[in-house]
Amino acid sequence: MCFTTFARMRFCIHLAYNGTRYNGWQVQPHSPSVQEAIQAVLSKLLGEEIAIVGAGRTDTGVHASDYYAHFDTEQSFSLRDTLYKMNRMLPDDIVIYSLTEVSPDFHARFSATQRTYTYTITQIKNPFSLETELYYPTPLDVEKMNNAAAYLIGTKDFTSFSKLHTDVNNNICTVTHAQWEQVGNKLIFTISANRFLRNMVRSIVGTLLDVGRGKISTDDFVQIISSQNRQNAGQSIDACGLCLCHIEYDTV
């Protein structure tokens with residue numbers, strides 16, 4: 001008896017989304033997610049159950065302007081036509097930039113070498129940016145915030161800024177960039193690292209805002225990092241201003 005075998009191919013999806021109406025990237029029971037929305041459309045277009053693997057979790061309300069996922073299939077299909085149909089069928093708050101065939105060993109999560117997030121604060125009330133910027137009118141000392149942020153650079157244990165009781169093996173991350181920038185009436189915090197823990201950026205931002213308000217000093221901030229105790233850090237700030245804005249790969 002002869003059997004016909006088909007090689008499974010791997011494809012990379014480059015996309016972006018406004019996370020306001022989703023309970024994060026990852027599929028969750030009884031809650032809308034970005035992963036679920038894309039899987040449903042792909043499965044319908046390809047005529048089989050498609051499971052996609054994302055570059056990592058984003059929490060409820062967090063956005064991504066540069067995100068990658070991959071999936072495997074034996075189906076032959078037109079990349080161009082499928083890209084067009086996906087964008088027609090997906091909600092307006094999700095866009096697919098490209099679909100490309102990649103090496104079978106490419107992994108959207110584990111092949112990533114660095115990720116960059118931004119957190120945007122507006123100090124002028126703006127009804128048109130409610131979903132993507134945090135309105136925070138309190139006066140802030142940006143210089144002190146940057147002095148404190150400099151102590152994030154390096155390979156450290158970031159337990160103080162991590163959500164407790166997660167399933168990761170360790171809380172060691174290597175941060176390569178962490179800086180606030182004033183752009184008009186906006187304050188933008190940019191942070192890059194090889195990996196991020198759950199709620200890490202939002203709790204870092206919340207603690208740095210405490211520095212900017214004069215509630216804690218730079219020395220206090222350094223001690224918070226060293227303590228490896230989440231209770232010592234500041235409040236995890238609202239998700240609306242957080243955006244995963246860049247993911248680096250050696251090859252895609």
Give the number of residues within region 28-56 that are part of a helix (DSSP H, G or I) and of a type in the set (A, V, I, L, M). 8
Of the residues in region 127-154, how many are part of a loop (DSSP other than H, G, I, E, B), under 21 Å from ASN185 (Cβ atoms) and within 24 Å of the chain's Cα centre (by Cα)? 5
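For (1) part of a strand (DSSP E or B); (2) within 17 Å of the chain's Cα centre (by Cα), each residue gets a yes or a no:
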| residue | (1), (2) |
| --- | --- |
| SER160 | no, no |
| LEU164 | no, no |
| THR176 | yes, yes |
| ARG195 | no, yes |
Subset tally (residues that are under 12 Å from TYR17 (Cα atoms) and among the acidic types (Asp, Glu)) for region 72-96: 2
Name the residue that is nearest to the chain's Cα centre (by Cα), counting only residues in region 214-238 that are buried (at least 20 other Cβ atoms within 10 Å of the Cβ) and not in a loop (DSSP other than H, G, I, E, B). ILE225
Would a scan of region 194-213 turn up a residue that is out of contact with any Pro (no Cβ under 7 Å at 6 or more places or on another chain), acidic (Asp, Glu) and buried (at least 19 other Cβ atoms within 10 Å of the Cβ)? yes
Quick test of your reading of the structure: ARG115 fulfils all but one of (1) surrounded by fewer than 18 Cβ atoms within 10 Å (Cβ to Cβ); (2) among the charged types (D, E, K, R); (3) within 18 Å of the chain's Cα centre (by Cα). Name the failing condition by number. (1)
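Hey, among THR207, THR190, which residue is part of a strand (DSSP E or B), closer than 21 Å to THR155 by Cα and of a type outside the set (A, V, I, L, M, F, W, C)?
On the way: THR207 fails: part of a strand (DSSP E or B).
Checking each option against the conditions leaves just THR190.
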Checking LYS125, LYS144, LYS156 in turn, the sole residue that is over 30 Å from PHE11 (Cβ atoms), surrounded by 14 or more Cβ atoms within 10 Å (Cβ to Cβ), basic (Lys, Arg) and out of contact with any helix residue (DSSP H, G or I) (no Cβ under 6 Å at 6 or more places or on another chain) turns out to be LYS156
Which one of TYR119, TYR97 is more than 17 Å from ILE50 (Cα to Cα), part of a strand (DSSP E or B) and in contact with a helix residue (DSSP H, G or I) (Cβ under 6 Å, 6 or more places away or on another chain)? TYR119
When you scan region 89-100, do you find a residue that is of a type in the set (A, V, I, L, M, F, W, C), under 18 Å from the mean Cα position of the chain (by Cα), modelled with pLDDT of 95 or more and assigned by TED's automatic domain parsing to the domain that holds GLY212, even just one? no
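Criterion first (farther than 14 Å from LEU90 by Cβ and either at pLDDT below 95 or not assigned by TED's automatic domain parsing to the domain that holds ASN199 (or both)) does VAL53 satisfy it?
Judged against the criteria, VAL53 is a match.
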Subset of region 14-40 [in contact (Cβ under 8 Å) with a residue 24 or more places away in the chain and over 25 Å from PHE110 (Cβ atoms)]: ASN18, THR20, ARG21
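Report yes if some residue within region 167-188 is touching an Asp or Glu at 6+ places or on another chain (Cβ under 8 Å), under 19 Å from HIS246 (Cα atoms) and not small (Gly, Ala, Ser); otherwise report no.
At the first step, the residues of region 167-188 found to be touching an Asp or Glu at 6+ places or on another chain (Cβ under 8 Å) are 170-172, 186-188.
Checking the rest, the ones that are also under 19 Å from HIS246 (Cα atoms) come to 187-188.
Filter once more, keeping what is not small (Gly, Ala, Ser): 187-188.
There is at least one residue in region 167-188 that is touching an Asp or Glu at 6+ places or on another chain (Cβ under 8 Å), under 19 Å from HIS246 (Cα atoms) and not small (Gly, Ala, Ser).
The values are calculated or read from the model by the stated rules, or taken from the named source; none is laboratory data. Being a predicted model, the structure only gives us computed values, none of them experimental. Using ideal geometry, Cβ is built from the backbone for each residue, glycine included, and neighbour counts are taken over all protein chains shown.
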